[in-house]
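Asks: Encoded as structure tokens, here's the structure I'll be asking about.
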Amino acid sequence: MTLTKEHLISAVAEENGYPRNQSVELVETLIELIKSKLASGEDVLVSGFGKFCVKKKRERRGRNPATGEDMMLEARRVVTFKCSGQLRDKINKSQ
């Protein structure tokens, strides 16, 4: 099952005894803060969880899969995630 924003809001409310509207505001603020830092090109490190990094991709040649036509793909920025050692260990122990 995928963890959704709705699940996060409910979990924050239950775990901390916050009213639902306060939990919504907390989760929304956290997500907006992370998005704004990534949009400005900054990395986001959450200790014990992992690091979101903004990487630059160069312009490159590609191919349209529908037509097979060669084309140039624009330079762009992408977000990558590298999990922490603690998270990796926890995931591997649960197998």
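The values are calculated or read from the model by the stated rules, or taken from the named source; none is laboratory data. Keep in mind that this is a model prediction, so the values were computed, not measured. We place every Cβ from the backbone using ideal geometry, glycine too, and count neighbours over all the protein chains shown. Note: accessible area is taken over every heavy atom of the protein model, side chains too, but ligands, DNA and RNA are not part of it. Shrake-Rupley method; radii C 1.70, N 1.55, O 1.52, S 1.80 Å.
Asks: If I take R0 = 41 Å and measure r between the Cβ atoms of residue 89 and residue 66 in this structure, what FRET efficiency does the formula 1/(1 + (r/R0)^6) give, to the nearest 0.05?
Replies: Details: r = 43 Å, r/R0 = 1.04.
Step by step, r from the Cβ atoms, then E = 0.45.
Asks: Can you give the charge dipole size of the chain about its Cα centre, rounded to the nearest 20 debye, using +1 on the beta carbon of Lys and Arg and -1 on the beta carbon of Asp and Glu? Could you put the intermediate results ahead of the total?
Replies: Details: 18 positive and 13 negative charges, 133 e Å.
That gives the chain a dipole magnitude of about 640 debye.
Asks: Accessible area per residue for the range 4-48 in Å², computed with a 1.4 Å probe and the full protein assembly in place, what is it? Write down the numbers at each step before the final one.
Replies: Numbers: 3240 Å² over 45 residues.
I get 72 Å² per residue for this part.
Asks: While we're on this one: From the cross-link list 35/90; 5/90; 5/82; 55/90; 51/90, which pairs have alpha carbons spaced over 18 Å apart? Could you put the intermediate results ahead of the total?
Replies: Values: 35/90 26 Å; 5/90 22 Å; 5/82 21 Å; 55/90 27 Å; 51/90 16 Å.
Over 18 Å Cα-Cα: 35/90; 5/90; 5/82; 55/90.
Asks: Taking mean projected area of the Cα convex hull in nm² straight from the coordinates, which label in (i) 9.7; (ii) 5.4; (iii) 15.4 is the correct one?
Replies: (i)
Asks: Leaving out ligands, DNA and RNA, and with a 1.4 Å probe, what % of the accessible surface on the chain is carbon or sulfur? Can you show the working numbers first?
Replies: Numbers: 4290 of 8040 Å².
The C+S portion of the solvent-accessible surface of the chain is 53 percent.
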